[in-house]
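One structure is given here, and the rest of the page talks about it.
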Amino acid sequence: MKSRVYLKKILGLIFLVAAFLIVASFVPNFLTISNLLNVVRQSSIIGICAVGMTLVIIIKGIDLSISGLLAFSPMVSGILMLHGHNIFFSLAAGILVGLSMGFFNGLMVSTLSVPAFITTLVVGQVSEGLSLIMNGGRSIGGFPDSYVFLGNGTLFGIPISDYLMLIFFLIGFIILKFTSLGNHILALGGNETVLRQEGISVTKIQFFVYVFASFCTSVAGLLLSAQLDTVHPIQGEAYQLDSIAACVIGGVDMAGGYGSVSMAMVGALIIGSLRNSLNLLGVHPFMQNIFVGIIIISIVFITGRIRQRNRKATRGVL
Amino acid sequence: MNALLSSIRYFAKKNGSFLIFLILAIIASIAVPNFFALDNFAIIIKQSAIPLIACIGMTLVLMTGGIDLSMGYIVGFASITSGLLAKIYQWPIPAVVLATFIVGIAFGSLNGFIIQFMKVPAFITTLGSGYIIYGLAQIVSQGSIVSRLPEGFLAIGRTEMLGLPSSVFIAAVVLLIFYIIINKGIFGRSLRAFGYNAKAAEVSGVPISKINVSVYIASGLLAALAGMLFTIRVNAAQPNMGGGNFNFEVITAAIVGGTSLFGGVGSITGTLFGVLSIKIIENCINLMGISYHLYMAVQGVIILIAIIFENVKNKAL
């Protein structure tokens, strides 16, 4: 039994190594240092979004607002920057806008108890609409060098995006592993009633998780725009599916209560290398999406089956 | 006096969406120039007809407590397949219509099967299948748009009767059929029971798996019909038709129409007024010459208001 639990924990890692070896042997130019660094750099956006998504999925929610918010925050910051405002002020403004959207998510989920998938869909669409309005549907570009450096620069030969991903990984890791808040988040996904009986405010936890998720999304959006040196008002749509896929492939349980940030990181790297290798092979992004969609549905199905079987097994024991 | 108040309360509780529609129409007539005209009403009815067809499907799905995020992409797939079959392959028109329906039924039953028998949550299933269907539509179309479709095909939705195109009458027939199914038969009661409490319904002998699958089949079929009629209206078949924005519009209309997000509550007449209400708002935004993108943001605010309204209504009335 113990070995099975252990196996479940490293399942994502096995997937990663297997996918990596298969890809490396088939795809030319995959195993070069510059391409590998590129894979990590491309994965950083998905990875940062997936950190927030992991916490949301653990409390049995889902964040569908990524598609809109990933464009809205950088749109706000970008317009401020192009008007000649200080970079730090502009970035702070963009992140603040993202946080307020997360606040709405938290408000509707906790206080009005609206299902998370509707709430976040609404907030995502509103932010997409707002980012379209702000510049009449056009994209903006030509940002100051110091902002572009954030996305494309390197420090000791490693892209700054990778450091940022590491920082977010550590933040998520520390919250979940070493704080009482992390324990409460995991408990909320597992058994809400017990948490309420302990006298812990479920509302506060939900607020924190959704605001944190939108913080991750905003930073990821700002990073993406720094990498591209443009803000496109619908740039987020491609990352919505990928960040959910990263969590699911990594092994975060869609039913809530089980998951860790390292799983999401592994998942993000799998998705990143998958996309990269399919691009190198010349597979069209639409085909890739079909593939990712099928993977998500099958993994959620399989983990559901495993859970059902485990439950039956424990019922027999008790 | 009290009896009058309580009867007003009862009316408001039962006909919330009609009241929203009425209030919006009155405000628009006063505030927006050119709104109160027969031509403009005809435009609103024309624009409401096709979303209404899809919205009836979404209402059924929401009543079970599920959601169909693949609807907009089925619209796109149905659009491109019907256009290709009618123009490039030159199939006879009834065969094109039949093929479009089969496409919708196939995607709908796939969704229903995965949700009911593989126990994958509805929003994950339909989010994933939406991306899959969109990818397939792009592959089928090869990135091209099929325009200038055959006359016989266009006649399905464009034949003028009483000054309105036939797509309006198709929508009316669909509305009537589903009104009868939901309100007069055993299916509607079973659907409500399933939406309120799936476990209790199952124990009471309601065939829940049949209902859950058939709801997604209906939603896929109606989405395909809507996609075909959209194609006919704009005389161009393209995979980008519908999409995420269409999903959102349809969900907004259903919620404004009084469909509960928690399942079990919803009505076909409510959906009718929900669609009309949001189309009035769209119409006003167009008439006042404000950016169309504002419509998306406004829809979000409308959903929020509708949810708060529902919460208040449940507590106060």
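The values are calculated or read from the model by the stated rules, or taken from the named source; none is laboratory data. As the structure is a prediction and not an experimental result, all values here were calculated from the model. Virtual Cβ from ideal backbone geometry, glycine too; neighbours counted across all protein chains shown. Surface accessibility is based on the protein's heavy atoms, side chains included, excluding ligands, DNA and RNA. Shrake-Rupley method; radii C 1.70, N 1.55, O 1.52, S 1.80 Å.
List the residue ranges in chain A for DSSP H helices whose C-alpha atoms run 30 angstrom or more along the long axis and whose Kyte-Doolittle average is -0.5 or above.
Counting only whole DSSP H runs, the qualifying helices are A:2-26, A:33-58, A:87-110, A:202-228, A:285-317.
If you take all C-alpha pairs in region B:229-317, what percent of them are over 21 Å apart?
40
Give me the 1.4 Å probe accessible area per residue for region B:49-243, excluding ligands and nucleic acids, in Å².
40
What net charge do the residues around B:V206 carry, taking every other residue with its C-beta under 12 Å from that of B:V206, with Lys and Arg at +1 and Asp and Glu at -1?
Residues close to B:V206 contribute a combined charge of +3.
Rounded to the nearest 10 Å², what accessible area does B:K87 show when all protein chains are kept and the probe is 1.4 Å?
The value for B:K87 is about 80 Å².
Can you tell me what percent of all Cα-Cα pairs in chain B are more than 23 Å apart?
When all Cα pairs of chain B are counted, 58 percent exceed 23 Å.
With a 1.4 Å probe and every protein chain left in place, tell me how much accessible area A:T32 has, in Å² to the nearest 10.
A:T32 exposes around 60 Å² with every protein chain in place.
What accessible surface, in Å², does a 1.4 Å probe find on B:E310, ignoring ligands, DNA and RNA and rounding to the nearest 10?
So the heavy atoms of B:E310 present about 40 Å² to solvent.
If contacts are Cα pairs under 8 angstrom and at least 6 residues apart, what is the relative contact order of region A:137-280 in percent?
Dividing the mean separation by the residue count of region A:137-280 yields 30 percent.
Expressed as a whole percentage, what fraction of the accessible surface of the protein assembly as shown belongs to carbon and sulfur atoms when a 1.4 Å probe is rolled over the protein heavy atoms?
C and S fraction of accessible area: 69 percent.
Report which residues of region A:91-124 become buried by 50 Å² or more of accessible surface when going from the isolated chain to the complete set of protein chains (1.4 Å probe; DNA, RNA and ligands ignored).
In region A:91-124, residues shielded by partner chains: A:L112, A:F117, A:I118, A:L121, A:V122.
Which net charge results when you count Lys and Arg as +1 and Asp and Glu as -1 among the other residues whose beta-carbon is under 12 Å from that of B:E151?
Net charge in that neighbourhood comes out at +3.
From largest accessible area down, sort A:E192, B:E160, B:E151; use a 1.4 Å probe on the protein chains.
B:E151, B:E160, A:E192
Roughly speaking, what is the centre-to-centre gap between region B:210-258 and region A:206-244 when only Cα atoms are used, to the nearest Å?
28
Just to be sure I understand the interface: list residues from region A:253-274 that lose 20 Å² or more of accessible area between the chain on its own and the complete protein assembly, 1.4 Å probe.
Residues shielded by partner chains are A:M254.
Let me know the shape class of the protein assembly as shown, please: from the alpha-carbon gyration tensor, a ≥ b ≥ c as square roots of the eigenvalues, rounded when a/c is under 1.5, otherwise prolate if a/b is greater than b/c, or oblate.
rounded
What's the buried accessible area, both sides, between B and A using a 1.4 Å probe, rounded to 100 Å²?
Roughly 3200 Å² of accessible surface disappears when B and A pair.
So what's the convex hull volume per residue for the Cα atoms of chain A, in Å³?
In chain A, the Cα convex hull volume per residue is 145 Å³.
In Å and on Cα atoms, what radius of gyration and Dmax does region A:188-318 show?
18.3, 59
Compare B:L38, B:L154, A:L166, B:L294 by solvent-accessible area with a 1.4 Å probe and give them largest first, with all protein chains kept in place.
Greatest to least solvent exposure: B:L38, A:L166, B:L294, B:L154.
Using 0.36 nm times the number of residues separating B:V312 and B:A106, minus their current alpha carbon distance, what extension gain do you get?
Full-extension gain reported as 70.1 nm.
Report, largest value first, the span of the C-alpha coordinates of region B:142-230 along each principal axis, in whole Å.
54, 39, 16
Quick one: ranking B:Y73, B:Y179 by accessible area, 1.4 Å probe, largest first, what do you get?
B:Y179, B:Y73
Placing one identical point scatterer on every Cα of region A:254-303 and ignoring solvent, what is log10 I(q)/I(0) from the Debye formula at q = 0.14, 0.26, 0.30 Å⁻¹?
-0.44, -1.06, -1.15
Determine the distance separating the Cα centre of region A:22-41 from the Cα centre of region B:119-135; give it in Å without decimals.
Distance between centres, Cα-based: 30 Å.
Could you state the accessible area per residue of region A:35-300 in Å², with a 1.4 Å probe and every protein chain left in place?
36
Express in whole angstrom the spacing between the alpha-carbon centres of region A:295-315 and region B:57-118.
Computed from Cα coordinates, the inter-centre distance equals 29 Å.
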